[in-house]
Amino acid sequence: MSTNAPAAARLSPRRRKLIISASLLALFLGALDALVMSAAMPTVVAELGGLDLFSWVYSAYLLTRTVALPLFGKLADIYRAKTLYVISILIFIAASLAAGFAPGMTFLIFCRALQGLGAGGTFALVYIVLTEISAPEERGKTLSLGSFVWGLASVLGPTLGGFIVAYFSWRWIFFINVPLGILSLAGVARHLVELRRKREGAKIDIAGAAALTATVLCLLFVFLLGGQAYAWLSPPILALAAAALGFGVLFAWAETRARDPVLPIGFFRRRGFSAGNAAVFLSSFAIFAFFGFAPLFIQGALGKSPVEVGTTVLALSLGWSIGSLILGRLMNRIGARRSSIAGALILAAGCALTLSFSTATQTLTCFLVFGVVGTGMGFVALATVIVVQDSVDTSDLGVATASHQFARNLGGTIGVGICGGIFTVRLARAIEAVAAGAPGGTIPPDMTEHLRGHADSLFRPDIQAQIPAAVLPLFQQAVGEAVTAVFGVTVIAAIICLAVCGLLPREATRRQK
């Protein structure tokens, strides 16, 4: 990628800091909204009803955010980043205000979908803008601040959500976005300047954008619903998978004929682009599986409290943030390729260590191992975005950067979906074995029948209280075995990630056009 160093050098240090601060504030709001709802949802459901729509408060946000990433990335190569940034933040502010006044669950879900659209635009643009305003030797250091903000949101999100619900109202979870969003909007509108030359005469690839959106939505629905609402081989899931494949073929056909495609197929023939995105997809597959299932191990297998669960799993976010910050200061000396390989090695080592976990494992051990996993992810995520950006010309910076964010989101969603199916099957089998092997009368028949159909209720304290003390350790071991199966899948994903990182081109090769 030809650098934008002369243009970036024209920015004064003060203006550059103001642009970074405004961009990171917008990123923080979007990241916070993905996490803050967890503590508030029981209260929201109690007030608005709609328990059957519970999961869609999260899913709607995820779907629109993921779809928006590649679209805003392409738009950033055609139109002014400031204009797109202002639009994204305005959408997010308006949706937050409307969500705060939501009279019912359906309207709240609609507002969350709009929030996801604004957040997706912000997520795509923040890394593009941070790259544009950075000299080559400062790029890694500047981009690492984005990971730090994610880590900060992970720490504050659930805690802030619980505080707001306890002392104010769940509606202030959304209202608080309005003044902070306006502050970010003012900073972007006042200080952001255009440093990168845009494509002249480019037209939006409507057919490609529509086909890509349909492909992504169908694919995400497969992994959001598969193994949970529907069996993996049920007609609805198979129909969604077929639709995703069909729209994917249509997308590829449209891109080969578009004058200015939304995601040029030729980019995938470049090793830096394809391998870099594949590596972050696989690393996200692994770490988001930990985010999803490590809490079940700590609470279900180790019998720890929700506070201990939150504290222990926090190591994943802290490791990610610290790993990125450290690498941001070492990138120029180590190089992006070697940094990616080092990160994948750390990630694989951390994932492998989890295979030794048992019901006797201490939470401190879990915390340290999860920190290793997070650090590896921090290395891979930061190093690969540099590789992907360097694989294209500056005029395609938006597409390249957004594709990396998209691959990261998609990897996490698919990872949680696949691991969720594996966990459910393994836990059901383990519970069946415990129930069959327990002495007669030890477990009430109605309890056995309930657990067979609702294995997830084993994590509820009221259900655990009804299980005899002599049998409870067997159920905890069953949970541990089911989660260990998930950990085994993450090891495979991390090893493949390491192999893919080995395919990344060297720095000198990446810059040859």
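None of the figures in this text is laboratory data; all of them are computed from the coordinates on show. Given the structure is predicted, the values throughout are model-derived calculations rather than measurements. Cβ sites come from the backbone with ideal geometry, for glycine too, and all protein chains shown count toward neighbours.
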**Q.** Given charges at Cβ of Lys, Arg, Asp, Glu: the chain dipole, positive-most of 343, 216, 18
**A.** 18
(Q) Using a 10 Å cut-off around each Cβ, can you sort 331, 105 from fewest to most neighbouring Cβ atoms? (A) 105, 331
Q.
I'd like the trypsin sites (Lys or Arg not before Pro) in the stretch 142-240 restricted to DSSP loop residues with at most 11 other Cβ atoms within 10 Å, sorted by number.
A. 197, 203
Q.
If I stretch the segment between residue 362 and residue 178 completely, what's the gain in nm (0.36 nm per residue apart, minus their alpha carbon distance), one decimal?
A. 62.0 nm
Q: Read phi for every residue in the stretch 181-186 and hand back ³J(HN,Hα) as whole Hz from Karplus 6.51 cos²θ - 1.76 cosθ + 1.60, θ = phi - 60°, with x for Gly and Pro.
A: x, 5, 4, 5, 4, 5
Q) chymotrypsin sites (Phe, Trp or Tyr not before Pro) within the stretch 50-142: which are DSSP loop residues with at most 12 other Cβ atoms inside 10 Å? A) 101
Q. With θ set to phi - 60° and the Karplus curve 6.51 cos²θ - 1.76 cosθ + 1.60, what are the ³J(HN,Hα) couplings of the stretch 295-300 in order, to the nearest whole Hz, using x for Gly and Pro?
A. x, 5, 5, 5, 7, x
Q) Between residue 311 and residue 169, what FRET efficiency comes out of the Förster formula 1/(1 + (r/R0)^6) with R0 = 22 Å and r the beta carbon distance, rounded to 0.05? A) 0.25
Q) Which shape class, rounded, prolate or oblate, goes with the stretch 205-261 when its Cα gyration tensor gives a ≥ b ≥ c as root eigenvalues, a/c under 1.5 marks rounded, and past that a/b bigger than b/c marks prolate? A) prolate
